[in-house]
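Written out below as structure tokens is the structure these notes cover.
FYI, it's all coordinate maths here, none of it is from the lab. Everything quoted here is computed from the prediction, not taken from an experiment. Here the Cβ positions follow ideal geometry from the backbone for every residue, glycine too, while neighbour counts run over all protein chains shown.
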């Protein structure tokens, strides 16, 4: 009973991940290219987080029920989901760099040692 349960849970989690990514692609296809596309991508990340939490919860539950094959399959699923989340967050961060820090204004005058100008107070 342990092996069929492990296989079934692994397949169900894989199908849920594929379905969530499919929903994100469909949501992105029918949205405007800016804010709604980002919202659809972040919604896909949130669904993947919930799948990761479910995989860890199933692994803990299987550990309590002494089902070693289920524990291994759920830990494997959690590792795969964690890697996919890391890659997705990395691609999102690369596509959305932080704004550049503002440089000094044109009215900036450095105050050197020994100078007594209006900016050296």
(message) Can you say whether residue 69 is more than 22 Å from the chain's Cα centre (by Cα), loosely packed, with under 15 Cβ neighbours inside 10 Å and touching a residue at least 24 places away in the same chain (Cβ under 8 Å), as far as the supplied structure shows?
(response) no
(request) Please indicate, with yes or no, whether at least one residue in segment 50-63 is out of contact with any strand residue (DSSP E or B) (no Cβ under 6 Å at 6 or more places or on another chain), touching a residue at least 60 places away in the same chain (Cβ under 8 Å) and either within 21 Å of residue 96 (Cα to Cα) or in a helix (DSSP H, G or I) (or both). (result) no
(request) Considering (1) more than 13 Å from the chain's Cα centre (by Cα); (2) surrounded by 15 or more Cβ atoms within 10 Å (Cβ to Cβ); (3) in contact (Cβ under 8 Å) with a residue 24 or more places away in the chain, say which one residue 7 fails and leave the rest. (result) (2)
